[in-house]
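Here's the structure, in structure tokens; my notes come after.
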Amino acid sequence: MATHFGFADISVWFTHSTDPRPAAITFGVASDGKDANQVWSAVLGALGQTGSILTKMPTTVKVSRIRVSYGTDGDEDEVYDMPAAAAGTTALSQLPPNCAVLVHKRTQRGGRRGRGRIFLPWFGGETKVNDNGTLDSAELVAMNTCVNAFYTDLSARGVPMFLLHQPGLSAPGLPTAVTSLAVDPVISSQRRRLHR
């Protein structure tokens, strides 16, 4: 399905120096007149901004690739898919690859179409998670600060975050602006990221 004109579907791949398989996150942005290359640069810049997401990722993790699928006024999206090399900036004993910090995308729209999720891999340290999977309270505050710095910087760079809707049981409607990001106090797991 083509992306709405003026919006872009973003996929960011993270890789770990000891893990051959990448982990990806996805989200939508409004392009604000920028081309796909400019959107790519803005997303990379926001990830690496001081206090943003890469601040709480270890130096062994890097953003290895970003794909921008940019909606045009024609039938096909313009795609810009390029390698990247931005790395985490801290020394951490990270969680296993199948564990991720769950980030909720908040909007002013109700129902299932009014919310989204991001599963952030290798985000934060293993020592900050209790035995029951609950994040340390101070770590939860720090993580929320990081993800909302990313959210704010996307807007500052002219590519604010949006939910892009797919066809389903209800009419998808236009993309919905994300109003904030919120880290869940309990970490999540993704079976497909676990080595077999």
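What follows is calculated from the coordinates using simple rules that are stated; it is not laboratory data. No experiment lies behind these values; they were computed from the predicted model shown. Cβ atoms come from the backbone with ideal geometry, glycine included; neighbour counts cover every protein chain shown.
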Place the peptides 25-31, 96-102 in order of packing, highest mean first, counting for every residue the other Cβ atoms within 10 Å and averaging per peptide.
25-31, 96-102
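When the dipole is taken about the Cα centre of the chain, and only Lys, Arg (+1) and Asp, Glu (-1) are charged at their Cβ, what size is it in debye, to the nearest 20?
It comes to approximately 560 debye.
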Sort largest first and round to whole Å: the equivalent ellipsoid semi-axes of the chain, each the square root of five times a Cα gyration tensor eigenvalue.
27, 19, 16
At a Förster radius of 25 Å, what calculated FRET efficiency corresponds to the Cβ-Cβ distance of Ser188 and Trp13, to the nearest 0.05?
0.85
Inter-label distance, nm, simple model (7 Å from Cα along the C-beta direction), Ser180/Arg117
2.0
On Cα atoms only, tilt of 137-156 relative to the major axis of the chain in degrees:
30
For the chain the mean separation of alpha carbon contacts under 8 Å (6+ apart) over residue count, i.e. relative contact order in percent, is 25
I need the peptides 87-94, 49-56 ranked by packing, meaning the mean over residues of other C-beta atoms within 10 angstrom, with the highest value on top.
49-56, 87-94
